[in-house]
Amino acid sequence: MLPSRNIYGGAHQLLHDWFGKRPNLDVGVVFFDGFTTSDFTKALAGVKKKYADRLAAGRRVYVYLESPCNPHGVFLDVPGIA
């Protein structure tokens, strides 16, 4: 999973503490910094490299975004990222 670091604290906690824990769902969660398409593209390339074995086995990369980001009101380039 590739969520933006700029998300609501409760969502961050859910992804980090529940989805990413091995005894729970064991989802590979890598938060990306930045706001632009190039920031996201760079992070996605890193995730594909880090989890190449999981992706080869049929797992997928999911993206979680909030824009405007809560609580800071920052806008991500959602069309570019999509």
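Numbers below:
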{"item": "Test for G34: is it touching a helix residue (DSSP H, G or I) at 6+ places or on another chain (Cβ under 9 Å), surrounded by 15 or more Cβ atoms within 10 Å (Cβ to Cβ), on the phi < 0 side of the Ramachandran plot and assigned to a loop (DSSP other than H, G, I, E, B)", "result": "no"}
{"item": "Residue count, the range 47-66 (criterion: surrounded by 15 or more Cβ atoms within 10 Å (Cβ to Cβ), assigned to a helix (DSSP H, G or I) and under 13 Å from the mean Cα position of the chain (by Cα))", "result": "1"}
{"item": "Condition check for F75: farther than 13 Å from P3 by Cα, assigned to a loop (DSSP other than H, G, I, E, B) and in contact (Cβ under 8 Å) with a residue 12 or more places away in the chain", "result": "yes"}
{"item": "Per-region count, the range 6-24, residues surrounded by 12 or more Cβ atoms within 10 Å (Cβ to Cβ) and not in a helix (DSSP H, G or I)", "result": "5"}
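Here, each number is a calculation from the coordinates, and none is a lab measurement. Since this is a predicted model, take the numbers as computed values, not measurements. Cβ coordinates were reconstructed from backbone atoms using ideal geometry, including for glycine residues, and neighbour counts include every protein chain displayed.
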